[in-house]
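Below: the structure, in structure tokens.
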Amino acid sequence: MKRMTVYLIIAGVTGLSLSGCGFSREREQASSLKIGISVYDQYDTFVSEEISRLKSYAQEMEQEWDMTITLEVVDASQNQLTQNDQMDDFIKRGFDIACINLVDRTDASTIIEKARSADVPVIFFNRELVEEDLERWDKLYYVGADAFESGILQGEILADACEEDFSSIDKNGDGILQYVMLEGEAGHQDSIVRTLYVIDTIKERGYRVEKLGDEIANWNRAQAEAKMNQFWKSFGEQIEVVLTNNDDMALGAVDALKKSCGTRAEARTAGTPWPVIIGIDGTEVGLEAVQSKELLGTVLNDSKGQAEGMLELAHSVVFGTELPEEIELLDNRYIRLPYQKVTYENVNQIIWDMQMVTK
Ligand code: GAL
């Protein structure tokens, strides 16, 4: 049975059909843009922030482009077969283009074949498929970021802090950083690459590291809390650094520490050394935790830029118009937004830039 949850329709469009000969609709006919979006899991914090930014930008651009934009967002609930059915539904109902946040990034072929036979272009986002899959048809695109860059920047945040005051991080004074790692999903490009590059970067900057533990917590705060509890039971105050593949898992580690030894300030008063914790994403809660110094830092995964890039690309592909100059379409297929380091020093500026201050 098809499990589809529709949780957003910005505006309804009736009577829209794809042109039989190619997908670019004439500009004069352009009074609507209908986009079907499937997310791998609607409870993923970063992805849901990206979707809310997409909604806001679509509302803004309806005026600018003088058209009705319909965004229909459905949740694949971590099931690739459900997502394949959702693609069928988008096609059947005459959507102009689909934006797909793949459940299984190694299993894009069914969606690609469906899209190609119905001539409905697809923008994949956030979960990057292999290049050979993306090359299977010229109306397939990817919007995201370069995962290795986030690993490097996370490593730089730690190395910068070590340069400033190594002894406050190397609590036992042995000259080595004892760390635990909380990883995202097994097989996800961001988990694999971030885990590798953060450590390489720290070592390249001249610091010695010792891994005490490494666990998968699937991007999830509660799972990360449970894993951090185990780490704390096994290694306790030996842990000097907690590296995580995303903010939700960094916050899961914070939750575990708070339950074991109170807030960072309370622990300090009691003489318990809190480890430094670093995330990636710059979600709203992640940035707040940098402001309150619970996290040493995070790396901004530009959900705003990615959402805007996705909508601009959808518009350009459907109507055959040029992309705005500031958006670069690499190899005619990829839009990649840069990551940015976030620490206590620049967090307020980043919050401002991400336009969260108005909330
Ligand atoms: C990553 C992000 C994670 C999670 C994941 C889902 O880019 O950092 O927090 O959202 O994508 O695919």
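Across segment 117-150, the qualifying residues are those that are assigned to a loop (DSSP other than H, G, I, E, B) and among the β-branched types (Val, Ile, Thr), and the one among them that is farthest from the ligand (Cβ to nearest atom) is Val120.
Scanning segment 51-103 for residues that are in a helix (DSSP H, G or I), touching a helix residue (DSSP H, G or I) at 6+ places or on another chain (Cβ under 8 Å), of a type outside the set (Ser, Thr, Tyr) and under 17 Å from Leu311 (Cβ atoms) returns Ile51, Arg53, Leu54, Ala58, Met61, Trp65. Could you give every pair whose Cβ atoms fall below 7 Å, whose first residue belongs to segment 236-251 and is under 15 Å from Asp190 (Cα atoms), and whose second residue is open to solvent by 10 Å² or more (accessible area, probe 1.4 Å) and more than 10 Å from the ligand (Cβ to nearest atom), counting only separations of at least 6 or pairs across chains? Going by the 7 Å Cβ cut-off, the qualifying pairs are Leu243/Tyr179; Asn245/Glu183; Asn245/Thr195; Asp247/Val285; Asp248/Arg221; Met249/Arg221. Taken together, the residues in segment 229-250 that are within 24 Å of the chain's Cα centre (by Cα) and either over 19 Å from Lys171 (Cα atoms) or loosely packed, with under 15 Cβ neighbours inside 10 Å (or both) amount to 7.
Within segment 259-270, none of the residues are out of contact with any helix residue (DSSP H, G or I) (no Cβ under 9 Å at 6 or more places or on another chain) and within 27 Å of Ile152 (Cα to Cα). Would you confirm whether any residue within segment 144-162 is over 21 Å from Asp247 (Cβ atoms), out of contact with any Gly (no Cβ under 9 Å at 6 or more places or on another chain) and open to solvent by 10 Å² or more (accessible area, probe 1.4 Å)? No, every residue in segment 144-162 fails to be over 21 Å from Asp247 (Cβ atoms), out of contact with any Gly (no Cβ under 9 Å at 6 or more places or on another chain) and open to solvent by 10 Å² or more (accessible area, probe 1.4 Å). The condition (being out of contact with any Leu (no Cβ under 7 Å at 6 or more places or on another chain), closer than 25 Å to Arg221 by Cα and crowded, with 18+ Cβ neighbours inside 10 Å) is satisfied by just one residue among Leu177, Leu196: Leu177.
In this structure, does Asp214 turn out to be among the charged types (D, E, K, R), modelled with pLDDT of 95 or more, part of a helix (DSSP H, G or I) and open to solvent by 20 Å² or more (accessible area, probe 1.4 Å)? Against the criterion (among the charged types (D, E, K, R), modelled with pLDDT of 95 or more, part of a helix (DSSP H, G or I) and open to solvent by 20 Å² or more (accessible area, probe 1.4 Å)), Asp214 does not qualify. Hey, can you tell me all the residues within segment 172-189 that are assigned to a loop (DSSP other than H, G, I, E, B), away from the ligand (no atom under 16 Å from the Cβ) and not charged (D, E, K, R)? If the condition is that a residue be assigned to a loop (DSSP other than H, G, I, E, B), away from the ligand (no atom under 16 Å from the Cβ) and not charged (D, E, K, R), then Asn172, Gly173, Gly175 are the ones that fit. For segment 336-350: of the residues being surrounded by fewer than 17 Cβ atoms within 10 Å (Cβ to Cβ) and touching a residue at least 12 places away in the same chain (Cβ under 8 Å), which is nearest to the chain's Cα centre (by Cα)? The residue in question is Pro338. For Ile157, work out the one condition from (1) at pLDDT 95 or above; (2) farther than 18 Å from Gly282 by Cβ it doesn't fulfil. Of the numbered conditions (1) at pLDDT 95 or above; (2) farther than 18 Å from Gly282 by Cβ, the odd one out for Ile157 is (2). Only one entry of Glu128, Glu113 meets the criterion of being under 20 Å from Ala147 (Cβ atoms) and open to solvent by 10 Å² or more (accessible area, probe 1.4 Å), and that entry is Glu128.
The values are calculated or read from the model by the stated rules, or taken from the named source; none is laboratory data. Since we're looking at a predicted model, the values are computed, not measured. Note: ideal-geometry Cβ built from the backbone for every residue, glycine included; neighbour counts use all protein chains shown. Remember, those area values only see protein heavy atoms, side chains included, never the ligands or the DNA or RNA. Shrake-Rupley method; radii C 1.70, N 1.55, O 1.52, S 1.80 Å.
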